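Here's the structure we're looking at; comments come further down.
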Amino acid sequence: MSIRPFSIGRWTVAALVALFSLACLFPFLMVVSGSLSTEKDIVDHGYALLPRHLTLDSYRILFLGSNRIVDAYGISVTVTVVGTILSLVVTSMGAYVMARRSFKYRNILSIYVIVTMLFNGGLVPWYIICVRYLDLKDTLWAMILPPLANAFNMFLIRNFMLSMPEDLHESAKMDGAGEFRIYWQLIVPLAKPVLATVGLFVALGYWNDWFLGLMFVDKQELQPLQLLLRTLISNVEFLKSSSNAAAMQRISNQIPSESMKMALTVVTIGPIVFLYPFLQRYFVQGLMVGAVKG
């Protein structure tokens, strides 16, 4: 077995990659350490890689209403899974139509999609349509349908599909396949890298979203995790800033607000951290969309 000779360039690149990886890892370790630190240590000494005095007070406060946390987790997981799948289906279908060179109106459709990236109707008309006409108030669909079709993602998938040979469609047509069968059985399997990349972006958007829940959801049992934890943090900040009553001030000073923010980050980032390794190999290929023409 041959051994590659020593190369200063290779070692330099490896060292730079290692340093960059550590630079990305340190903030996450500090967040975990901050969630396990006491409020006094954070205020007096700031954040550190290792907690000075280990405590789980922040997690105990977060999970005081454990049933609501579990329910909110279920809502967020449901919205993320259903929204990501539907978004990929709708977006890839639109991208497939715009990528079909034989479709006479594909340029008009592309211009229409581009216009949606440049202009919007504003917050009030959007809210009226969702509540009055689509009747999405206090439903899970209110957190799924509004961001379902993203124009940027549609063009990303379209560019990937344009790199596929047109002969694939022609040969499938000769074998008697229809457009939907070509899309589902031929194009979608070949587009796995870009679909996995876009799917990760879409899943991140659904998982981190709290604004749609704030706008359309009044029922507590339908609140997503991000909205519930944001409300909790807002209530803690309100208590700490209130000076109307001495008793309230004394109680609020005992609440570890800074470490709770770090615990909140750890709680919400978990599913995405576990999702990324499964999509990593597709993610790297998807980032190269359009970089190499075959």
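Within segment 26-50, track down each residue that is part of a loop (DSSP other than H, G, I, E, B) and open to solvent by 80 Å² or more (accessible area, probe 1.4 Å).
Residues of segment 26-50 that are part of a loop (DSSP other than H, G, I, E, B), as a first pass: 36-38, 46-50.
Scanning segment 26-50 gives TYR47, LEU49, LEU50.
Quickly run through segment 121-140 and pick out the residues that are among the hydrophobic types (A, V, I, L, M, F, W, C) and free of Cβ contacts under 8 Å to residues at least 24 places away in the same chain.
Of segment 121-140, the ones among the hydrophobic types (A, V, I, L, M, F, W, C) are 123-124, 126, 128-131, 134, 136, 140.
Of everything in segment 121-140, those that are among the hydrophobic types (A, V, I, L, M, F, W, C) and free of Cβ contacts under 8 Å to residues at least 24 places away in the same chain turn out to be LEU123, VAL124, TRP126, ILE128, ILE129, LEU134.
Can you tell me how many residues in segment 216-230 are open to solvent by 50 Å² or more (accessible area, probe 1.4 Å) and touching a helix residue (DSSP H, G or I) at 6+ places or on another chain (Cβ under 9 Å)? Give the steps one after another, and end with the answer.
Filtering segment 216-230 down to residues open to solvent by 50 Å² or more (accessible area, probe 1.4 Å) leaves 218-221, 230.
Keeping just the survivors that are touching a helix residue (DSSP H, G or I) at 6+ places or on another chain (Cβ under 9 Å) gives 220-221, 230.
The total comes to 3.
Restricting the search to segment 156-215, which residues are open to solvent by 20 Å² or more (accessible area, probe 1.4 Å) and among the polar types (S, T, N, Q)?
Residues satisfying the conditions are ASN159, SER163, SER171, GLN185, ASN208.
Which residues, taken from segment 187-224, are of a type in the set (Val, Ile, Thr) and over 21 Å from PHE160 (Cα atoms)? Give the steps one after another, and end with the answer.
First pass over segment 187-224, keeping only residues of a type in the set (Val, Ile, Thr): 187-188, 194, 197-198, 202, 217.
Matches in segment 187-224: VAL217 only.
For segment 14-67, which positions are within 13 Å of GLU258 (Cβ to Cβ) and among the hydroxyl-bearing types (Ser, Thr, Tyr)?
Matches in segment 14-67: SER33, SER35, SER37, THR38, TYR47, THR55, SER58.
Assuming PRO165 fulfils every condition listed in (1) modelled with pLDDT of 90 or more; (2) assigned to a loop (DSSP other than H, G, I, E, B) apart from one, which condition is it?
Failing condition for PRO165: (1).
Of all residues in segment 244-269, which are closer than 18 Å to ILE61 by Cβ, open to solvent by less than 50 Å² (accessible area, probe 1.4 Å) and modelled with pLDDT under 75?
Once the filter is applied, which keeps residues that are closer than 18 Å to ILE61 by Cβ, open to solvent by less than 50 Å² (accessible area, probe 1.4 Å) and modelled with pLDDT under 75, segment 244-269 yields SER252, ILE255, PRO256, SER257.
Applying the selection to segment 117-162, what residues are assigned to a helix (DSSP H, G or I), over 23 Å from the mean Cα position of the chain (by Cα) and hydrophobic (A, V, I, L, M, F, W, C)?
Of all residues in segment 117-162, those assigned to a helix (DSSP H, G or I) come to 117-118, 123-133, 140-143, 151-162.
Filter again for over 23 Å from the mean Cα position of the chain (by Cα), leaving 124-125, 128-129, 131-133, 161-162.
Within segment 117-162, VAL124, ILE128, ILE129, VAL131, MET161, LEU162 meet the criteria.
If ILE75 passes every condition in (1) in contact with a Pro (Cβ under 7 Å, 6 or more places away or on another chain); (2) surrounded by fewer than 16 Cβ atoms within 10 Å (Cβ to Cβ); (3) among the β-branched types (Val, Ile, Thr) but one, which one does it miss?
So the condition that ILE75 fails would be (2).
Could you please find all residues in segment 14-25 being modelled with pLDDT under 85 and open to solvent by 90 Å² or more (accessible area, probe 1.4 Å)?
Across segment 14-25, there are no qualifying residues.
Would you tally the residues in segment 76-108 being of a type in the set (A, V, I, L, M) and either outside any helix (DSSP H, G or I) or closer than 22 Å to TRP126 by Cβ (or both)? Outline the logic, then answer.
Of the residues in segment 76-108, the ones of a type in the set (A, V, I, L, M) are 77, 79, 81-82, 85-86, 88-90, 93, 95, 97-99, 108.
Those left that are additionally either outside any helix (DSSP H, G or I) or closer than 22 Å to TRP126 by Cβ (or both): 79, 82, 86, 90.
Residues in segment 76-108 being of a type in the set (A, V, I, L, M) and either outside any helix (DSSP H, G or I) or closer than 22 Å to TRP126 by Cβ (or both): 4 in total.
The values are calculated or read from the model by the stated rules, or taken from the named source; none is laboratory data. Given the structure is predicted, the values throughout are model-derived calculations rather than measurements. Neighbour counts are summed over all protein chains in view; Cβ atoms, including those assigned to glycine, are modelled from backbone coordinates with ideal geometry. Just the protein is used for accessible areas: all its heavy atoms, side chains included, with ligands, DNA and RNA removed. Shrake-Rupley method; radii C 1.70, N 1.55, O 1.52, S 1.80 Å.
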